[in-house]
Amino acid sequence: MATESQAFYGRWARLYDLIARRTPGIAQLRRRAAAACRLEPGDTVVEMGCGTGANLPFLREQVGPEGTVIGIDFTRPVLERARVATADYDNVHVLQGDATQPPLAADAPDEIDAVLATFVVGMLAEPAGAVDDWCDLVGPDGTVVLANAAPSREWYAPPVNAVFRAIVVLSTPPTTQLRYEDDPARRLEQKIDAAHTRLRERAVAVADETHVFGVVRLTGGLLG
Ligand SMILES: C[S@@+](CC[C@H](N)C(=O)[O-])C[C@H]1O[C@@H](n2cnc3c(N)ncnc32)[C@H](O)[C@@H]1O
């Protein structure tokens, strides 16, 4: 699954970058996710599965010039875009590696204040386990923030979810299949539920929000 995802995001890096930065309302959502990390100037934040780096400038805004932003992704072509997009900041670093085994040993500062993962946990084999590890990484007083797209639970959900399902099928590697043994949107929702639930269980304080007709779920958890 990892290789399939890497091939998919590698091939579509340019298009994904456009969508990631230009979709109406997406900048506001990214700013909101960065704010939910509750960062202060000088802090250190790690973004897991940073893709083409669309969140990184918002995180840099939060930690300022004296803070540190680290983006991790396992797909080289998207990471190259992230590297170019953040070349002006000397405190934003992008590393190639697996978000479930972050390559932080050599580069990590003593303390990581927050972890952000947007639109990533649905791609992981064990999303709840990854969230556990991220909670351990930030430790007491740290924050973990997840944002993910899943079927809406609003009263007007049916037409919204029909569009959502079509987008999920089209963007689920290998995308060439018309019929799946289990519905990719359902599978995605189960993974996202598992990840957000685990974060709520681990956190001492939780903030939940929904955006974009209820399709985007954002959960911020403060660790005890
Ligand atoms: C849908 S994109 C989201 C990118 C970015 N977070 C954003 O909000 O635009 C998912 C990204 O997660 C990366 N990814 C998926 N699984 C990963 C893993 N186990 N380790 C590192 N990166 C991963 C993919 O390479 C891809 O760039």
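The values are calculated or read from the model by the stated rules, or taken from the named source; none is laboratory data. Keep in mind the model is a prediction, meaning the values are calculated, not measured. Please note: Cβ atoms are built from the backbone with ideal geometry, for glycine as well, and neighbour counts cover all protein chains shown.
Things to note:
- The stretch 10-39 - residue that is modelled with pLDDT of 95 or more, touching a Gly at 6+ places or on another chain (Cβ under 8 Å) and of a type outside the set (Gly, Ala, Ser) and, of those, surrounded by the fewest Cβ atoms within 10 Å (Cβ to Cβ): Arg38
- Scanning the stretch 57-96 for residues that are of a type in the set (A, V, I, L, M, F, W, C), in contact with a strand residue (DSSP E or B) (Cβ under 7 Å, 6 or more places away or on another chain) and not in a loop (DSSP other than H, G, I, E, B) gives Leu59, Val63, Val69, Ile70, Ile72, Leu79, Ala82, Val92, Val94, Leu95.
- Residues within the stretch 17-39 that are assigned to a loop (DSSP other than H, G, I, E, B), away from the ligand (no atom under 14 Å from the Cβ) and touching a residue at least 24 places away in the same chain (Cβ under 8 Å), tallied: 2
Condition check ((1) crowded, with 21+ Cβ neighbours inside 10 Å; (2) within 11 Å of the ligand (Cβ to nearest atom); (3) hydroxyl-bearing (Ser, Thr, Tyr)) across all residues:
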{"residue": "Val78", "(1), (2), (3)": "yes, yes, no"}
{"residue": "Arg83", "(1), (2), (3)": "no, no, no"}
{"residue": "Tyr89", "(1), (2), (3)": "no, no, yes"}
{"residue": "Val92", "(1), (2), (3)": "yes, no, no"}
{"residue": "Thr100", "(1), (2), (3)": "no, yes, yes"}
{"residue": "Leu116", "(1), (2), (3)": "yes, yes, no"}
{"residue": "Gly129", "(1), (2), (3)": "no, no, no"}
{"residue": "Asp132", "(1), (2), (3)": "no, no, no"}
{"residue": "Ala147", "(1), (2), (3)": "yes, yes, no"}
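- Only residues that are modelled with pLDDT of 95 or more and either in a loop (DSSP other than H, G, I, E, B) or closer than 23 Å to Phe213 by Cα (or both) were counted across the stretch 138-154, and they come to 5.
- Per the conditions (1) in a strand (DSSP E or B); (2) surrounded by 15 or more Cβ atoms within 10 Å (Cβ to Cβ), the sole criterion not satisfied by Val168 is (1).
- Asp133 within 19 Å of the chain's Cα centre (by Cα), in a loop (DSSP other than H, G, I, E, B), under 26 Å from Gly10 (Cβ atoms) and at pLDDT 90 or above: no
- Hey, Gly64 on the phi > 0 side of the Ramachandran plot, touching an Asp or Glu at 6+ places or on another chain (Cβ under 8 Å) and modelled with pLDDT of 95 or more or not: no
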